[in-house]
Amino acid sequence: MTKLGFLRLSYEKQDTLLKLLILSMAAVLSFSTRLFSVLRFESVIHEFDPYFNYRTTRFLVEEGFYNFHNWFDDRAWYPLGRIIGGTIYPGLMITSAALYHVLNFFHITIDIRNVCVFLAPLFSSFTAIVTYHFTKELKDAGAGLLAAAMIAVVPGYISRSVAGSYDNEGIAIFCMLLTYYMWIKAVNTGSIYWSSMCALAYFYMVRLISATRTLSWTCWRRPTLQSTGWSGYTRYISFSLCGYGLLLSSVFIQSPVEYQANLDCITTVRDWESHRAAHN
């Protein structure tokens, strides 16, 4: 009796294939469970804030980045109007516009509205994948698969990432987990490369949420640095210079308080106490 090809694989290959299958099922489940509104009704944008985000994204696609940054929208906050470029976090709009242009580059014709409708379910699949890698880095592959399966169906996340709910929360969870994963990767490997990648992911996350989130890193990094000595010192210097430098150079919304907070993270002694503790 001939054996199946699958059974002739080595144990390592079977293990890898099984993990890939479970992770793929979690990603597909994460995407499909968020399509009920489209299947029940149609492909539409829900609620007021998502529709405003859709309008700004459509303007970005049609008019370009320069006009988008200098756009005064007379339909928002009527009759006063609103300056768009300096009063929003543009990460959501830029992500959708970039995806739209990439699809059209490969001659995949799709309307920008459908890109906005399905963006949150798509990124929920990415969230399941990055959750697996994040948890695997903390524990092991089994815990990573369980975490990916759980975040795919957790009700609190589904409610903010259904198809048509085109808001920051749809991709902000992915960005936060990606940033945390890259930071843990930098801590475990001691690599400046991963610290720099963490800074880029952090900049992307902050452009979706708020620059004030930088302050949380002041407390979160200390136990790690105190236990890793000079390697932690080097990693956090790389992260600080790249991450906060990108934030300071950002031309989008950044209040004077947020700007000063980001500047203090680099220039003041108060924020570098953890490095002194790590050195000692």
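The values are calculated or read from the model by the stated rules, or taken from the named source; none is laboratory data. Since this is a predicted model, take the numbers as computed values, not measurements. Every residue, glycine among them, receives a Cβ derived from its backbone with ideal geometry; neighbour counts consider all protein chains shown.
The C-beta contact set for the range 104-116 (first residue closer than 17 Å to Val162 by Cα, second residue in a loop (DSSP other than H, G, I, E, B), distance under 6 angstrom, 6+ apart or interchain) comprises Asn114/Ser43; Cys116/Tyr166. Counting the residues of the range 159-177 that are among the hydrophobic types (A, V, I, L, M, F, W, C), surrounded by fewer than 23 Cβ atoms within 10 Å (Cβ to Cβ) and touching a residue at least 60 places away in the same chain (Cβ under 8 Å) gives 1.
For the structure I just gave you, tell me whether Gly156 is under 20 Å from Phe118 (Cα atoms), modelled with pLDDT of 65 or more and surrounded by fewer than 17 Cβ atoms within 10 Å (Cβ to Cβ). In short, yes. The residue of the range 126-158 that is nearest to Tyr202 (Cα to Cα), among those that are free of Cβ contacts under 8 Å to residues at least 60 places away in the same chain and of a type in the set (Val, Ile, Thr), is Val130.
Quick grid of which residues meet (1) closer than 22 Å to Tyr204 by Cα; (2) of a type in the set (A, V, I, L, M, F, W, C); (3) at pLDDT below 85:
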site	(1), (2), (3)
Asn70	yes, no, no
Asp74	no, no, no
Arg82	no, no, no
Leu92	yes, yes, no
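Scanning the range 63-74 for residues that are touching a residue at least 12 places away in the same chain (Cβ under 8 Å), in contact with a strand residue (DSSP E or B) (Cβ under 8 Å, 6 or more places away or on another chain) and aromatic (Phe, Trp, Tyr) turns up at least one hit. Of all the criteria given as (1) modelled with pLDDT of 90 or more; (2) farther than 25 Å from Thr16 by Cβ; (3) of a type in the set (Phe, Trp, Tyr), the one not satisfied by Tyr132 is (2).
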